[in-house]
Amino acid sequence: MLFRSQEPLAWIYQRIQYILGGIIVPISLFPPHLAVVAEYLPFSHVYYDAARTIVHFDQALFVKFLSIQCSWILFFKLLH
C-alpha cells in the first residue's frame, strides 16, 4: 500500500474542493481561464452554483447547472 493512512489524500482533495468549488473565493473572481475550468468541474456545482441559484434564481443558469451535474452523475455511473 502506498499510503498507510488516507488522511493526507482526503485533506488535499478537500482543499481542492474548497478552492475550485468557490468556497474560499467566488468563481466569478477567478482568472477567466481558471473560471471556465472550475465551472465545469463537479466541485462548483456542489457549492457555488447551488448557493448562486438560491440567492438569485435564473432559469437558464439553473438548466445549465442541472445538465452539467447530470452529466457528471452519468460519467461516474459509467465508471462504476
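Any chance you could count how many residues in segment 61-73 are closer than 19 Å to P26 by Cβ and surrounded by fewer than 13 Cβ atoms within 10 Å (Cβ to Cβ)? Step through it out loud before you land on a result.
Taking segment 61-73 as the starting set, the residues that turn out to be closer than 19 Å to P26 by Cβ are 61-62, 64-65, 68-69.
Filter once more, keeping what is surrounded by fewer than 13 Cβ atoms within 10 Å (Cβ to Cβ): none.
Selection size over segment 61-73: 0.
Could you grab me the full set of residues in segment 11-26 that are more than 21 Å from I73 (Cα to Cα) and either among the small types (G, A, S) or touching a residue at least 24 places away in the same chain (Cβ under 8 Å) (or both)?
I23, the sole residue that qualifies.
Return the residues of segment 27-60 that are within 15 Å of W72 (Cβ to Cβ), open to solvent by 50 Å² or more (accessible area, probe 1.4 Å) and at pLDDT 85 or above; say none if nothing qualifies. Lay out the reasoning, then the answer.
Let us first name the residues in segment 27-60 that are within 15 Å of W72 (Cβ to Cβ), namely 37-50.
After this cut, where a residue has to be open to solvent by 50 Å² or more (accessible area, probe 1.4 Å) as well, the list is 37, 39-40, 46-47.
Listed by number, the residues that qualify are V37, E39, Y40.
Scan the helices (runs of 4 or more DSSP H) fully inside the chain and keep the ones with 2 or more residues being touching a Phe, Trp or Tyr at 6+ places or on another chain (Cβ under 8 Å).
On the way: elements: 7-20, 32-40, 42-46, 48-55, 59-79.
Passing ranges, in order: 7-20, 42-46, 48-55.
Given the residues I12, I24, I19, which is the only one that is under 13 Å from the mean Cα position of the chain (by Cα) and surrounded by fewer than 12 Cβ atoms within 10 Å (Cβ to Cβ)? Steps first, answer last, please.
Numbers: I12 fails: under 13 Å from the mean Cα position of the chain (by Cα); I19 fails: surrounded by fewer than 12 Cβ atoms within 10 Å (Cβ to Cβ).
Of the residues listed, the single one that is under 13 Å from the mean Cα position of the chain (by Cα) and surrounded by fewer than 12 Cβ atoms within 10 Å (Cβ to Cβ) is I24.
The values are calculated or read from the model by the stated rules, or taken from the named source; none is laboratory data. Owing to the predicted nature of the structure, the values given are computational and were not obtained by experimental measurement. Positions of Cβ are backbone-derived with ideal geometry, glycine not excepted, and every protein chain shown enters the neighbour counts. The area values use the complete protein model at the heavy-atom level, side chains included, leaving out ligands, DNA and RNA. Shrake-Rupley method; radii C 1.70, N 1.55, O 1.52, S 1.80 Å.
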